[in-house]
1. Can you go through N18, N38 and tell me which one is over 15 Å from W70 (Cα atoms) and assigned to a loop (DSSP other than H, G, I, E, B)?
2. Which residues, counting only those in the range 1-42, are modelled with pLDDT under 90 and touching an Asp or Glu at 6+ places or on another chain (Cβ under 7 Å)?
3. β-branched (V, I, T), more than 25 Å from S132 (Cβ to Cβ) and open to solvent by 50 Å² or more (accessible area, probe 1.4 Å): does that describe V25?
Amino acid sequence: NVSDKNVVNVTSSSVYSNLYAKNAVDLDNNDSCFISGNNPGSWLQYDFKNRKVRPICYLIKSARWGKGDWHPKNWVIEGSNSCASYDWTVLDTRNNVTSLDDRNAVQIFSIQKSNEFYRYLRIRQTGCNCSSDSSSQNHLMLSALEFFGPIQ
């Protein structure tokens, strides 16, 4: 786990129960996941500390629960070098994605805007998740988020 090894600092806008942000970098654990609080605009952020990444693609693995749960459906991937609230660049936008609405589903997405290096990368939910329960559609839940690209 790169968070436990202090290589990447993983944070989030909020946490549901004990399902912490660092669980998203525990890539081989099918039983672990990250879940945010039920808040619009929930996010999960990676700080690469002394390094920068030019993301080319990213992998999302859904959590172990089945169809119709809190799996990601609408989000953006953003990059920043200062982490200030006004200094985020949208690198990729996804709307109404249904391919992750299943137990441990995995998909790789190409970054739409991949021309700069960033210290901070995050996924931010921009709409409801896959849940049919309207009272819990703002949870951001995933088992793994992994970025791929050159490092400097």
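1. Working: N38 fails: over 15 Å from W70 (Cα atoms).
One residue alone meets the criteria, N18.
2. N1, L27
3. Working: β-branched (V, I, T): yes; more than 25 Å from S132 (Cβ to Cβ): yes; open to solvent by 50 Å² or more (accessible area, probe 1.4 Å): no.
When the stated conditions are applied, V25 does not pass them.
The values are calculated or read from the model by the stated rules, or taken from the named source; none is laboratory data. As the structure is a prediction and not an experimental result, all values here were calculated from the model. With ideal geometry, Cβ positions are generated from the backbone for all residues, glycine too; neighbour counts draw on all protein chains shown. Heads up: the accessible areas ignore ligands, DNA and RNA and are worked out on the full protein's heavy atoms, side chains in. Shrake-Rupley method; radii C 1.70, N 1.55, O 1.52, S 1.80 Å.
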